[in-house]
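Notes follow once the structure below has been shown.
The values are calculated or read from the model by the stated rules, or taken from the named source; none is laboratory data. Note that the structure is a prediction, hence the values are computed from the model and not measured. Reconstructed Cβ throughout: ideal geometry from the backbone, glycine too, with neighbour counts over all protein chains shown.
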Amino acid sequence: MAEPLQLSAFEKWRQRLGPELSRTAQRFPIPVVLIVIATILFLIEVNTSPEIEGDILAKSVVTLAFSTLFAVACQLMVETGVLSKLLSWILAGIGLLVFGATLFFDSMAIGEPFMWAPILVLFTSVAPALKPRANSSHSQQDFFWWINHRSIVAACIAGLAFLLILLGMVIIERSVAVLFNIGVDRLIYGYLLTLAGVLFAPIYWLAMIPEVTQFDKGELEQPDPLSRAVGFLGLYIFTPFLCLYSLILMAYAAQILVLQTYPEGTVGWMVVGFICVAGLNHLLLYPGFMRAKPMVARYLRYWPFLAIIPLIMLVIAIQIRVSHYGLTPERILLIAGAVWTIAIIALGVFNKLDIRLLPGLAALILLPISFGPFNIEMWAMRDQLSRFEQNYATWQDQQSDEAAQGLRSASNYLLNSAEGRQALTQTLTVKGMDVEGEITREQLTALLGVPDIAPTYRDNEFVLLAQKEPVDLSGDFIFYGRGELPCCEKEVGPYEFKLDDRELVITRDNEPFATHDLTPWVNQQNMSVTTLREPMIEIQADGRTLLLLVYHATFELKPDEVRKPARLDYYVLEKKGNGAN
């Protein structure tokens, strides 16, 4: 009788891991490797807090997360025959380089790196259904719905499992601390929860993504209880809500016609949100067992007609806002949403809506406005710079209120970013104006002769300034610690601080010490940049000299330019030889 084969140590280890994990690693080798590397870097970031400039570890983890999702999409395209395995590996490597470049070379000219998140989620959802599986378009849509339904349910279960693990870990950590006075918070929160959330939850999700060969169209005709629950949610919750909301929007349109007014700016996001929820509901009601219901069939056929009037309002609202105030990143996203909405509604009206287009078209629209020369930041800046030049020319000819308002609006937008200030400085220099250093609101007001170059597009503006240069503290000082106002760390050493409007109220050993007016210090700051001009606050009272070294400060700017500190993050020092101990 032959002796049983001796398993190697590696094979024994793999058997202990279980067949599911082994199959997942074989099916998704690149995503699993990327998840493991991301977990290691995340553990280093959380537990060692290395002094690495530019958040290299954090950017690396985000890059790996984006690359993992893209590699999953590539693998799903391999399984459906869209890509070869070699080509998918090459694309995964290129994706890693592209995601890393957009994150590490963080530049307005490149684009918005965190827009990769929605783009990749949308692309991954449609990736398995990019190649026809049969002659019928309906069979392709059935497969798209089935694999996304399974994958989303798996992701929800993974998220719920992590929350349960989190709750259990918190209970264990508190119990050990209370009963035995042993601190295991570093172990639990720094290591175990990281492993559960960053390593095991994503790998579990990968393990639960169904394979192409498991597709059974019968599941859409004879659903399981979960699919029935999802259908119930769409039919009896979302459908009545959407019908009611469409009536509200149409009633608002009727009010506009009667009163001869313009639609509010918020109506744009209301309509886009309405169409997004309607598209989601379309997906919930798509399976055959739901479409077999006459009510569902009628709703799926006619809901696009309910959106025609709101869509007209959307277009009018966007046109008004853009013509009056120019483009901003938010308005460009709203325009993108309007383009997506028009396409979806048009296809729905003609009964040609393919459910794969709901995420696929959104991803195709988001990509060019997120990266490259027409990304939302660059496009908005060019438009505002053009508005600035047009209104400046008008202001030179006739100093009208409309031209002044246009100059204010464009200037305020451009002054809010370093790239905008640089472009504005170059434009003013070309026009023969002498700009000293970095352009400020005060300087711009003096150069243009336009009063009140101050934020007018919102009630309050909060500006965060930081101290980035070393401060010379010659002499001997007592260092008490760090304080933060208006909340959190009010007591520092023997002192207690309170922020009262523009005054700093200080007590020492529960006795009144000083009330210091912060207005002169606030007025020294340049609100058009991101660094503190004067980080030091000196307070002399009761024979003592107190120094507050401000590290971060947030200022509230109201339209009347009354500035006041909204938040202070500072270090407290006291001169020796004046009673400090």
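How many of the residues in the range 424-438 are in a loop (DSSP other than H, G, I, E, B) and in contact (Cβ under 8 Å) with a residue 24 or more places away in the chain?
2
Scan the range 489-500 and give yes if some residue there is under 30 Å from Gln443 (Cα atoms) and either over 32 Å from the mean Cα position of the chain (by Cα) or modelled with pLDDT under 85 (or both), otherwise no.
Taking every residue of the range 489-500 in turn, none turns out to be under 30 Å from Gln443 (Cα atoms) and either over 32 Å from the mean Cα position of the chain (by Cα) or modelled with pLDDT under 85 (or both).
Does Tyr236 satisfy the condition of being farther than 15 Å from Tyr299 by Cα and either at pLDDT below 90 or in a helix (DSSP H, G or I) (or both)? Working first, answer last.
On the way: farther than 15 Å from Tyr299 by Cα: no; either at pLDDT below 90 or in a helix (DSSP H, G or I) (or both): yes.
Criteria not met by Tyr236.
Might you check whether a residue that is farther than 17 Å from Met290 by Cβ and not acidic (Asp, Glu) occurs anywhere in the range 225-240?
No, every residue in the range 225-240 fails to be farther than 17 Å from Met290 by Cβ and not acidic (Asp, Glu).
Name the single residue, out of those in the range 387-400 being surrounded by 12 or more Cβ atoms within 10 Å (Cβ to Cβ) and free of Cβ contacts under 8 Å to residues at least 12 places away in the same chain, that is nearest to Arg421 (Cα to Cα).
Restricting to residues being surrounded by 12 or more Cβ atoms within 10 Å (Cβ to Cβ) and free of Cβ contacts under 8 Å to residues at least 12 places away in the same chain, the top hit is Gln396.
Give me the residue from the range 491-515 that is in contact (Cβ under 8 Å) with a residue 24 or more places away in the chain and under 19 Å from Glu556 (Cα atoms) and, out of that set, surrounded by the fewest Cβ atoms within 10 Å (Cβ to Cβ).
Per the criteria, the residue is Asp501.
Collect the residues in the range 516-530 that are in contact with an Asp or Glu (Cβ under 9 Å, 6 or more places away or on another chain), within 16 Å of Leu557 (Cα to Cα) and surrounded by 13 or more Cβ atoms within 10 Å (Cβ to Cβ), keeping them in residue-number order.
We begin by selecting, within the range 516-530, every residue in contact with an Asp or Glu (Cβ under 9 Å, 6 or more places away or on another chain); these are 516-519, 521, 524-529.
Then keep just the ones that are within 16 Å of Leu557 (Cα to Cα); that gives 518-519, 521, 524-529.
Once the filter is applied, which keeps residues that are in contact with an Asp or Glu (Cβ under 9 Å, 6 or more places away or on another chain), within 16 Å of Leu557 (Cα to Cα) and surrounded by 13 or more Cβ atoms within 10 Å (Cβ to Cβ), the range 516-530 yields Leu518, Thr519, Trp521, Gln525, Asn526, Met527, Ser528, Val529.
Would you check which residues across the range 497-516 are within 17 Å of Pro565 (Cβ to Cβ) and either part of a loop (DSSP other than H, G, I, E, B) or touching a strand residue (DSSP E or B) at 6+ places or on another chain (Cβ under 6 Å) (or both) and list them?
Passing the criteria: Phe497, Lys498, Leu499, Asp501, Arg502, Glu503, Leu504, Val505, Ile506, Ala514, Thr515, His516.
For the range 368-376, state whether one or more residues are touching a Pro at 6+ places or on another chain (Cβ under 7 Å) and over 25 Å from Lys131 (Cβ atoms).
Checking the range 368-376: at least one residue is touching a Pro at 6+ places or on another chain (Cβ under 7 Å) and over 25 Å from Lys131 (Cβ atoms).
Scanning for something surrounded by 11 or more Cβ atoms within 10 Å (Cβ to Cβ), at pLDDT 90 or above, farther than 29 Å from Gln26 by Cα and of a type in the set (S, T, N, Q), does the range 275-283 turn up at least one residue?
Within the range 275-283, one or more residues are surrounded by 11 or more Cβ atoms within 10 Å (Cβ to Cβ), at pLDDT 90 or above, farther than 29 Å from Gln26 by Cα and of a type in the set (S, T, N, Q).
Give me the pairs: first residue in the range 256-274 and closer than 20 Å to Pro240 by Cα, second residue part of a helix (DSSP H, G or I) and modelled with pLDDT under 85, beta-carbon distance under 6 Å, and six or more apart or on different chains, which are they?
Cβ pairs passing all conditions: none.
Give the range 256-302 a look and list any residue that's part of a helix (DSSP H, G or I), within 24 Å of Asp216 (Cα to Cα) and among the basic types (Lys, Arg), or say none.
Arg291 - this is the single residue of the range 256-302 that is part of a helix (DSSP H, G or I), within 24 Å of Asp216 (Cα to Cα) and among the basic types (Lys, Arg).
At pLDDT below 90 and either in the same structural domain as Thr63 (by TED's automatic domain parsing) or buried (at least 19 other Cβ atoms within 10 Å of the Cβ) (or both): which single residue out of Ala101, Ala92, Ala117, Ala109 fits that description?
Just a single option satisfies the conditions, and that option is Ala109.
Take the residues in the range 74-87 that are assigned to a helix (DSSP H, G or I) and in contact (Cβ under 8 Å) with a residue 40 or more places away in the chain, then tell me which one is farthest from Gly111 (Cα to Cα). Give the derivation first.
Step one: of the range 74-87, the residues assigned to a helix (DSSP H, G or I) are 74-79, 85-87.
Next, from what is left, pick out any that are in contact (Cβ under 8 Å) with a residue 40 or more places away in the chain: 74-77, 79.
On the way: Cys74: 23, Gln75: 27, Leu76: 27, Met77: 27, Glu79: 32 Å.
Ranking the candidates gives Glu79 first.
Consider Val184 carefully, then state whether it is on the phi < 0 side of the Ramachandran plot, modelled with pLDDT under 90 and of a type outside the set (Gly, Ala, Ser).
In short, yes.
Conditions (1) assigned by TED's automatic domain parsing to the domain that holds Ser323; (2) of a type in the set (S, T, N, Q); (3) within 19 Å of Met527 (Cβ to Cβ), marked per residue:
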position: Asn391; (1), (2), (3): no, yes, no
position: Arg421; (1), (2), (3): no, no, yes
position: Thr425; (1), (2), (3): no, yes, yes
position: Thr429; (1), (2), (3): no, yes, no
position: Gly432; (1), (2), (3): no, no, no
position: Glu436; (1), (2), (3): no, no, yes
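Being surrounded by 17 or more Cβ atoms within 10 Å (Cβ to Cβ) and farther than 13 Å from His282 by Cα is the filter here; which residues of the range 230-251 pass it? Even if it seems obvious, please write down each step before you answer.
Kept after step one, since they are surrounded by 17 or more Cβ atoms within 10 Å (Cβ to Cβ), are these residues of the range 230-251: 230-231, 234-235, 238-239, 242, 245-246, 249.
Across the range 230-251, the qualifying residues are Tyr245, Ser246, Leu249.
Taking Ala297 and the conditions (1) outside the structural domain of Ser227 (by TED's automatic domain parsing); (2) without any contact (Cβ under 8 Å) to a residue 24 or more places away in the chain, which numbered condition does it fall short on, given that it satisfies the others?
(1)
Given Thr266, Thr341, Thr328, Thr261, which one is exposed (fewer than 15 other Cβ atoms within 10 Å of the Cβ), under 31 Å from the mean Cα position of the chain (by Cα) and under 30 Å from Tyr413 (Cα atoms)? Quick ask: steps written out before the conclusion?
On the way: Thr341 fails: exposed (fewer than 15 other Cβ atoms within 10 Å of the Cβ); Thr328 fails: exposed (fewer than 15 other Cβ atoms within 10 Å of the Cβ); Thr261 fails: under 31 Å from the mean Cα position of the chain (by Cα).
The conditions single out Thr266.
Looking only at the range 517-559, which residues are assigned to a loop (DSSP other than H, G, I, E, B), within 14 Å of Glu574 (Cβ to Cβ) and in contact with a strand residue (DSSP E or B) (Cβ under 8 Å, 6 or more places away or on another chain)? I'd like the intermediate steps shown before the answer.
Here is the first cut: in the range 517-559, the residues assigned to a loop (DSSP other than H, G, I, E, B) are 518, 524-530, 532-535, 542-543, 558-559.
Now restrict to residues that are within 14 Å of Glu574 (Cβ to Cβ): 542-543.
Once the filter is applied, which keeps residues that are assigned to a loop (DSSP other than H, G, I, E, B), within 14 Å of Glu574 (Cβ to Cβ) and in contact with a strand residue (DSSP E or B) (Cβ under 8 Å, 6 or more places away or on another chain), the range 517-559 yields only Asp542.
Only one of Ile369, Ile335, Ile355 is outside any helix (DSSP H, G or I), assigned by TED's automatic domain parsing to the domain that holds Pro287, touching a Leu at 6+ places or on another chain (Cβ under 9 Å) and hydrophobic (A, V, I, L, M, F, W, C); which?
None of the others qualify; the one that does is Ile355.
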